[in-house]
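Asker: The structure's right below; bear with me while I get my questions together.
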Amino acid sequence: MTAELTEAAIAVLRANDRGSHTVPTAASPAAAQRNWDSGLAAIGLAQFDEDRAWTEIETLLSGQKPDGMVPHILVHRGDAGDVPDGGPALTHPPVATTATRHLFERFGVRRSRPRLRGLAPKLLAWHRWFAAARDPEGTGLAAIIDPEESAMAGSPAWGAAPAPFRVADIGFNAMLQRANRDLRFLLDMVDDRAGMAEVDRIISTTRAALEACWVRADGAYHSRDAGSGRPIGRPGIGGLLPLYADPALATRHPALPARLEHWLGRAAVAVPSVEPGQPEFDPGRPWRGAVSLPVNWMLYDGIKRAGRHDLAARIRRDSMAVAARSGFREYFDPITGEGLGGTDASSTAAMVLLFAGLED
């Protein structure tokens, strides 16, 4: 199954390749490069095309704004088609930073450092923008200004967010903190000591801020309203993602891996995006219950590094099996395994290729 599945995943990424960027799904406008999907696609491309993987990240960062922000959608060749335009400038979690580290470690110092020297300053500028524009008070948590920025726009948590929308989303900040750690590694590889010191300060402040979001009664982390600091709704799968940022949290808070294990025990396919049995749980809707393979990989990575190889193996096996059964869909029903959302999703194909090269 693995050989056939990986061949099919490679075919999806090649079909969605538009030369210098990858579109999210088979039906996506040819000019559209979506920030979140592009970072994930680079990880998948790295499994079979080194140069193209680097180009994916370079193309994404070519759209960086003067203040350092990287938009959530880039439109190439001056042909917007039906790509959303206008409105506030939005971004996504910097998965591209983590993808850059993946490429560097996969291809080694000699081959990677020349590409990294061009990318590292841009990645640092993006992370500086998060701190300056989205956390001007220096709380340690970056705010999102639209649910789309979380990459989990359908989450039931957003219904509890007061207006104006400005949320210190726990999932977003967990991904940002992981990317901060990856950025520090990359800056070390290009000998940027000043940048490393700057990122060290960000990591330290964010570590403390994330810890303040722990809710013992729920065994998870909660998002906060960035204005009032009050917790927002039920956390959904984002409340588990601090494991991805820091696997040591599994030891500090044993209830966190226990909660993940409880979720897995109530689903046929790992990992539901909302706890089964909760009123908000809807297995057929993205981020209200449906499974996302990119988030599966993040939880796999965190829980495996925390030493829970049993849970990691379950996540990996389920991810591979559901894609083999239902195709490269954007999402999957955690009860039936039915594919949901767009077809031939680049992010799903990329995660299949990544999982295929990992061991339980």
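The values are calculated or read from the model by the stated rules, or taken from the named source; none is laboratory data. No experiment lies behind these values; they were computed from the predicted model shown. Here the Cβ is made from the backbone with ideal geometry for all residues, glycine too, and neighbour counts use every protein chain on show. Just the protein is used for accessible areas: all its heavy atoms, side chains included, with ligands, DNA and RNA removed. Shrake-Rupley method; radii C 1.70, N 1.55, O 1.52, S 1.80 Å.
Asker: Could you count how many residues in region 14-50 are in a helix (DSSP H, G or I) and under 19 Å from Thr98 (Cα atoms)?
Answerer: 12
Asker: When you scan region 216-268, how many residues do you find that are touching a residue at least 24 places away in the same chain (Cβ under 8 Å), open to solvent by less than 30 Å² (accessible area, probe 1.4 Å) and not in a loop (DSSP other than H, G, I, E, B)?
Answerer: Adding up the residues that qualify gives 18.
Asker: Continuing with this model, one more query. Yes or no: Arg111 of a type in the set (Lys, Arg) and either buried (at least 17 other Cβ atoms within 10 Å of the Cβ) or under 22 Å from His72 (Cβ atoms) (or both)?
Answerer: Against the criterion (of a type in the set (Lys, Arg) and either buried (at least 17 other Cβ atoms within 10 Å of the Cβ) or under 22 Å from His72 (Cβ atoms) (or both)), Arg111 does not qualify.
Asker: Looking at Arg178, is it modelled with pLDDT of 95 or more and over 21 Å from Val95 (Cβ atoms)?
Answerer: no
Asker: Looking at Glu330, Glu275 in this structure, which one is open to solvent by 50 Å² or more (accessible area, probe 1.4 Å), in contact (Cβ under 8 Å) with a residue 12 or more places away in the chain and not aromatic (Phe, Trp, Tyr)?
Answerer: Numbers: Glu275 fails: open to solvent by 50 Å² or more (accessible area, probe 1.4 Å).
The conditions single out Glu330.
Asker: What are the residue pairs meeting all of these: first residue in region 123-142, first residue among the basic types (Lys, Arg), second residue outside any loop (DSSP other than H, G, I, E, B), Cβ atoms under 6 Å, and 6 or more apart or on different chains?
Answerer: Cβ pairs passing all conditions: none.
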